[in-house]
Amino acid sequence: MIYQLAFIFLNSSNLRAAALRNPDGFRGYYHLKKLIFLFLISLSLNVSAQQNNVAGDKQTQVSGRVTDAVSGAPLPFIRVAFTGSSYSTSTDNHGNYSLTAPGLFSEVSFSSMGYMAERRKINPGQVNNLSVKLRYAETQLKEVKITSGKSKRYRNKGNPAVELIQQVIDRKDQNRMQSSNYLQYDLYERIGLSFFNLSDKFMNGRFFSKYKFMLDSTSKINGQTKISLPAFFSEKLSENYYRKDPSKSIQVLKAQRQTNILKFIDTAGLEIYLNRLYGNNIDIYTNNIFIINRQFLSPIANHSPDFYKFFITDTIKTSPEKLIEISFTPRNTGDILFEGKLYVTMDGSYAVKACELNVNKDININFMRSLKIQQDFKRDSGHYFLFKSNVQADFGLFKDKGMAIFGERTAVFTNYKQNAPQPAAFYEGKDQQTVENPSQNDTAYWALHRPDTLTRRQVAVYANITKLERMPAFKRDTWIASTLTGGYAAVGPVQLGPLGSTYAYDSQEGSRLQIGGRTTPQFNKTVYLEDHIAYGFRDQQVKYNLNTYLSLNQVSPFRYPRNYFKLSYRYDADLPGHSLTVIPEQAALTSFSTGKTDYWLYNKTYTVAYVRDFENHFSFNIAFRNWNQQPAGTLEFRSNNGDNKLIHNLTATELELNMRYAPHEQIIQGTEERHTIRSRFPIFNLQITHGFKDVFNSSYTYNNIDANIYKRFYFSQLGYADITLLGNITTGKVPFPLLNILRANQSIAYDANAYNKMNYLEFVSDHYIGLNYTQAFNGFILNKIPLIRHLKWREFLSVKVLYGGIREENNPLLSKNLYQFPVASNGSNGTFSLGSTPYVEGGVGIGNIFKFLRIDVIKRFNYLDHPAVSPYGVKLGFRPHL
């Protein structure tokens, strides 16, 4: 009865809530708890008191290491406790632990979420050394479920866990690493990628039989032992420097090592993408954590209690720390939120000592089967600094079957130095710096400098892939994969392609066949050739594009950074307004159009250009071009001077300067062009063109300035918005083919950069400004509708506004010596100038249908009296998304 009274009193919710409101109260609460407990115990049997006195004379100590029973990897965050007592500790990042307490204890227990608990006998009152191997409990994660209870509705008000989280939130600025005026640390990064759940038929088949030595039978994925095929493995060592005011971060790469079997894709870009995918800068103290190409709301974000449920689930005593374990779950399981645990210090700093971040199975992310983040913080000079971060995630086409990809990124932070500034000139340097020859393949070097331990199979990856690369069969299979994924087939020093442009269809050319190719550095590291020839069976014309590059840095012109001269001669069929902005790739989807597409041009272009990329991602392209346009289809060039004279072609000679600046840009290099990994940083583009009269048969003098600014804005749970501001002005008197032909889209494919309900050559202008806005909600709204939220659809909203016009001197209705605008006839739409009313179209879309399909309904709001115009249209997009 006495023990029951003690338990009821000491676990009073009112007493606990009051104690948690301030650290002094919390410490007082535990002192009061001890006094009352001793008083009640003194009323019990004298035998118990005598046993306590005897036990108090001696101490029991146990230390050792906890590892995984399958892989042998050290296990952090394992709770170690003397059974039946409140004395406990947790293993460090290397799996080591040490626990000492007064009393005679004969048993120690080991427990952690996801592992089978272990109890081991020890010698009471003595120094014990005990190392333990834990096995994963495959069903444990399914059985652990935190709920607020059916009988009582969860509320933030009066919830001690929420009050404690608010204390953590209030002290974020003082606890985060960036609170120091100056900070320096060393960083070790490791990232690996493996294929698993390979079918027995595949592994035992004839094709894979020669590659079986690559298999790893000891991989632990989601707590289960799996046979995996390592595909990518890299390690890096760097020194990092931070200055608070003015803000500056510098990373100096000291050493790196990498190996992979994915030779058919851009390796450098892959590593950048994987680091971004698996969280290259996870900061629990920021409001939003960017990982898996999503912004997750941090459980200690300023407004996290509005999105998460919090529960106090345990108290942990370590020497010399006291920690509170707080578990949290999303209020809405489909939102981009974590679930997991936080371990918060109770020394008055309310710092995060460790965290475990997972995701709910209903989260609106495609192909991801699991995500697990573990971070461990270490006290140093009064601060808790991040010591180790580990991220694991696996992806597959199906949730619980079939082949999948497992990735793991580990980061270890060491040698922290606070407020030890470098010379002022040092902080004027580049954000990303590299020592000379950072590639380090010496195994002994990494064994000495690596602050973490590799498993036996991880060590073997380097040697296995080196062996693999020497095999003729692997070279053949890599060639096939490269051809299929990159679109070019390598034949000695030449690549044939692009294969995706081999066949296309359009209304002018009919069926079109194309063959082409380009040289590689094996042919010559300075001179590169790129050519194609095509034939249209309806127009019966041969088209060609002949290019010669002179590389000044001996880098392929299709790779970054570019530094080359280019000579080109191109003759091809184009749509008006698309000739110089996009070279047609004859993609299959754009072969299908809505409405009638009868306006065509045959363009013959001679170009001399110089292209240069800089390390800060500023680039420019200066080109001298002679451009001849010949109308085709129903398009005609006719004089407006009253004689209705038919003009067969138009020639212009131009000098053009393109400048682009994309600060902090990260790219994935494709076989033909680079792809920007979208981020919060803007991209600036400026194009200045001057047309010369009487130079190589040119007829007009004019200037054209075109500019746009693109930026992505992230709104946490509301997704993101892509915003583009654009403007253009043309000076000089010119006919409509040399004006700005506004970019239209009559294909069934949705084009984010075009006006999707505008017809080709419908509008021309000599000045305009515009705004393109697209909001992606990432399912924030549809996730909350019961009958459809399981479909994981995602919402899109788009608005495009364009305001401009034509000056009187360029309007053929008001000024002579120009070309007549095409007139609507035989189903053609005709050409017009923008009036005093802006062109406006908007769209509502649903994406992630079957994980790859997007359908947009587009509404055009004005200029509906134009021929061949309908107010509504449907556009499709086919692209798989995470």
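Just one residue in the set Arg457, Arg450, Arg409 is among the basic types (Lys, Arg), at pLDDT below 90 and surrounded by 13 or more Cβ atoms within 10 Å (Cβ to Cβ); that residue is Arg457. Just name the residue that is farthest from Arg409 (Cα to Cα) out of those in region 273-298 that are in contact with a Gly (Cβ under 9 Å, 6 or more places away or on another chain) and not in a strand (DSSP E or B). My answer is Ile292.
Counting the residues of region 356-392 that are among the hydrophobic types (A, V, I, L, M, F, W, C) and on the phi > 0 side of the Ramachandran plot gives 1.
Here's the yes/no breakdown for (1) in the same structural domain as Ser194 (by TED's automatic domain parsing); (2) within 22 Å of Ala231 (Cβ to Cβ); (3) polar (S, T, N, Q):
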position	(1), (2), (3)
Gln458	yes, yes, yes
Phe474	no, yes, no
Ala481	no, yes, no
Pro493	no, no, no
Pro498	no, no, no
Gly510	no, no, no
Leu513	no, no, no
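Candidates in region 715-744 are the residues that are aliphatic (A, V, I, L, M) and in contact with a helix residue (DSSP H, G or I) (Cβ under 7 Å, 6 or more places away or on another chain); of these, the one that is surrounded by the most Cβ atoms within 10 Å (Cβ to Cβ) is Leu739. Output the residue which, of all residues in region 833-859 that are charged (D, E, K, R) and over 12 Å from Tyr750 (Cα atoms), is nearest to the chain's Cα centre (by Cα). Top of the filtered list is Lys851. Of all residues in region 332-378, those satisfying the criterion of being touching a helix residue (DSSP H, G or I) at 6+ places or on another chain (Cβ under 9 Å) and of a type in the set (Gly, Ala, Ser) are Gly334, Gly348, Ser349, Ala351. Could you tell me which residue of region 179-197 is surrounded by the fewest Cβ atoms within 10 Å (Cβ to Cβ), considering only residues that are closer than 30 Å to Lys244 by Cβ and of a type in the set (Phe, Trp, Tyr)? Out of the qualifying residues, it is Tyr182. Taken over region 105-120, the criterion of being surrounded by 19 or more Cβ atoms within 10 Å (Cβ to Cβ) and of a type in the set (A, V, I, L, M, F, W, C) is satisfied by Phe105, Val108, Phe110.
Per-residue answers, yes or no, for (1) more than 38 Å from the chain's Cα centre (by Cα); (2) modelled with pLDDT of 95 or more; (3) assigned to a loop (DSSP other than H, G, I, E, B); (4) among the hydrophobic types (A, V, I, L, M, F, W, C):
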| site | (1), (2), (3), (4) |
| --- | --- |
| Arg538 | yes, yes, yes, no |
| Arg570 | no, yes, no, no |
| His578 | no, no, yes, no |
| Tyr602 | yes, yes, no, no |
| Glu615 | no, no, yes, no |
| Phe620 | no, yes, no, yes |
| Asn628 | yes, yes, no, no |
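Every residue, every condition in (1) surrounded by fewer than 19 Cβ atoms within 10 Å (Cβ to Cβ); (2) within 24 Å of Tyr710 (Cβ to Cβ); (3) small (Gly, Ala, Ser), yes or no:
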position	(1), (2), (3)
Asn759	no, no, no
His767	no, yes, no
Gly770	no, yes, yes
Ile781	yes, no, no
Pro786	yes, no, no
His790	yes, no, no
Arg794	no, yes, no
Lys800	no, yes, no
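Among the candidates Ser199, Ser209, Ser247, Ser234, the residue that is among the hydroxyl-bearing types (Ser, Thr, Tyr), in contact with a helix residue (DSSP H, G or I) (Cβ under 9 Å, 6 or more places away or on another chain) and within 28 Å of Ala73 (Cβ to Cβ) is uniquely Ser234.
With respect to the conditions (1) small (Gly, Ala, Ser); (2) assigned to a strand (DSSP E or B); (3) touching a residue at least 60 places away in the same chain (Cβ under 8 Å), Gly779 falls short on a single one, namely (2). In this structure, Asp400 does not qualify as without any contact (Cβ under 8 Å) to a residue 40 or more places away in the chain, charged (D, E, K, R), surrounded by fewer than 20 Cβ atoms within 10 Å (Cβ to Cβ) and under 24 Å from Asp186 (Cα atoms). With a requirement of 3 or more residues that are over 25 Å from Ile292 (Cβ atoms) and not hydrophobic (A, V, I, L, M, F, W, C), the strands (runs of 3 or more DSSP E) lying completely within region 376-463 that satisfy it span 404-418.
The values are calculated or read from the model by the stated rules, or taken from the named source; none is laboratory data. All values derive from a computational prediction rather than experimental measurement. Quick reminder, even Gly has a Cβ in these numbers, built from the backbone with ideal geometry, and neighbours come from all protein chains shown.
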